[in-house]
Amino acid sequence: MNYYKTGQFAKLANVSERTIRYYDKIGLLKPSFVMENGYRQYSDLDLLKLQKILSLKHLGFSIEEIFPMVMDNTNLKESFDLQIDLIEDKISHLQSLKDALKRASQTPDLSWNMILSLVQLSNEETNIIEQYKNAKNLNDRISLHEKYSTNKQGWFNWLFNQIDFSKVNRLLELGCGNGKLWQENKIDLRNREIFLSDISEGMVEEVRNKLGSDFNCIVADAEKIPFKDSYFDSIIANHVLFYLNDLNLGLKEIDRVLKSDGILYCSTYGKNHMKEITEIVQNFDSRINLSNHSLYDIFGLENGEDILSKYFSNIQRMDYQDSLAITASKPLIDYIMSCHGNQNEILGPRLNEFKEYIEELLENNGKIVVTKEAGLFVCRKRVIQ
């Protein structure tokens, strides 16, 4: 292992000493050693970490987003594979932009539609990062549940078993995410049309690559469903409704595209869901808010039946009995950093300190037990006499 003073390290990496000192100051890249005289010494491993930081920064990630991505820098292959995937996506985008510009340059009379498409294509580079973040955040959240849930049936298996496929010819899933519901649960697709939709183009592309052509994978907004009236026998909205900008509009759309005897399967959380994780982060720093909105207040187990009763009848609530028994710090930290609140901004510069805090809790208690409170509403479209 080679070691370098700050100036040598900066020169080796072709960055300024000011950049290295800044990363040290904010805790993003600390030196391996600090000598008694105050001199910093950086190692070859620090150089690898710096390479990843610079690569992610070049790809468009913010400093706050980079913090959790470089916290565990021991798996070099995983680190390089991540960078390769993102760079390939960026190359593909730039090649598409180049081809579009060539076509435009050879067109005698540019139309406004062609100019508009060029503007949109030029702006799409940021979507590469957004799609990656959406996919990673979802995978981190699912991963924590898969590793540490005490109910070994698993949420997706349980949810699949609640769906009555005997009368389903056409089914729509809203907000399909990464398609987890369909990866391990097999269904006879003969004489059936199943549409998997998500508002994220990146998610839809991932599902299409995973599941092939057996499913119809489409980009669609739940508040503007692109199908005619009374088209579907069943609709699934798995932990989706509380994310809608206009819940009533979304429910009206679901009601519109369901057949007269159609069934809606929609899942949500209760107010105590994962409450211990919220307590843990706020005990560490009271400023942290893991969600900008209380999802269960928008559409939860407690108020879901009242909200649904405006559009549906025969509403049945089914609770999924489960909890988490977490025994390792990294999956929990990954989950926390994947949330929709302000945790990246606050925890990013203090991730090592936060990791020590979580590991102390695990050492003192053996495990961290977390309440899960999730369930499903099954309801029929109301028939107006």
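Where a number appears in this text, it was derived from the coordinates with a stated rule and is not lab data. Keep in mind the model is a prediction, meaning the values are calculated, not measured. Ideal geometry is used to build each Cβ from the backbone, glycine not excepted, and the neighbour counts take in all protein chains shown.
Over the chain, what is the percentage of antiparallel beta bridges among all DSSP beta bridges, to the nearest 5? Working shown, then result.
On the way: 27 of 44 bridges.
Around 60 percent antiparallel, to the nearest 5.
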Toy charge model, Lys and Arg Cβ at +1, Asp and Glu Cβ at -1: the chain dipole around Cα centroid in debye, rounded to 20, equals 380 debye
Honestly region 1-91 on the Cα gyration tensor test (a ≥ b ≥ c root eigenvalues; a/c under 1.5 rounded, otherwise a/b vs b/c for prolate or oblate) is just prolate
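If you average 1/r over every pair of different alpha-carbon atoms in region 152-263 and take one over that average, what Kirkwood value in Å do you get?
On the way: mean 1/r = 0.0699 Å⁻¹.
Evaluated over region 152-263, this radius sits at 14.3 Å.
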The answer for the chain, counting only DSSP H helices whose Cα atoms cover 27 angstrom or more along the axis and whose Kyte-Doolittle average is -1.0 or greater, is 76-105
Taking a crude spin-label model, label points 7 Å out from Cα along the C-beta direction, the E360 to K330 distance in nm is 2.3 nm
Checked the chain against the a/c 1.5 cut and the a/b vs b/c comparison, axes a ≥ b ≥ c from its Cα gyration tensor; verdict oblate
Candidate cut points under trypsin sites (Lys or Arg not before Pro) in region 132-195, DSSP loop plus at most 10 other Cβ atoms within 10 Å of their own Cβ, are K152, K186, R190
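Hey, what did region 1-106 get for relative contact order, percent, Cα under 8 Å, at least 6 apart?
Values: 70 pairs, mean separation 21.5, N = 106.
Relative contact order of region 1-106: 20 percent.
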XL table K57/K90; K271/K381; K11/K49; Cα-Cα > 20 Å flagged, in table order, is K271/K381
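Net charge around T150, counting only other residues with Cβ within less than 11 Å of its Cβ (Lys, Arg = +1; Asp, Glu = -1)?
Details: positive: K152, K367, K372; negative: D322.
Net local charge, T150 excluded: +2.
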By Cβ neighbour count within 10 Å, fewest first, S143, S105, S267, S92 rank S105, S92, S143, S267
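Just from its helices, what would the mean residue ellipticity at 222 nm be for the chain, if runs of 4 or more DSSP H residues each count -39500 (n - 2.57) and the sum is divided by every residue, rounded to the nearest 500 deg cm²/dmol? Present the calculation step by step, with values, prior to reporting the outcome.
Working: 17 runs with 189 residues, N = 385.
The helix contribution divided over the chain gives -15000 deg cm²/dmol.
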Least to most buried among L308, L249, by other C-beta atoms within 10 Å and fewest first, runs L249, L308
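Classify region 221-281 as rounded, prolate or oblate from the Cα gyration tensor: take a ≥ b ≥ c as the square roots of its eigenvalues, call it rounded if a/c is under 1.5, otherwise prolate when a/b beats b/c and oblate if not.
It is prolate, given that a/c is not under 1.5 and a/b is the larger ratio.
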In whole angstrom, the spacing between the Cα centers of region 154-227 and region 1-60 equals 46 Å
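May I ask you to derive the relative contact order of the chain, considering only C-alpha pairs under 8 Å and at least 6 residues apart, and to give it as an integer percent? Display every interim value, and only then the final one.
Details: 560 pairs, mean separation 61.0, N = 385.
Relative contact order, the chain: 16 percent.
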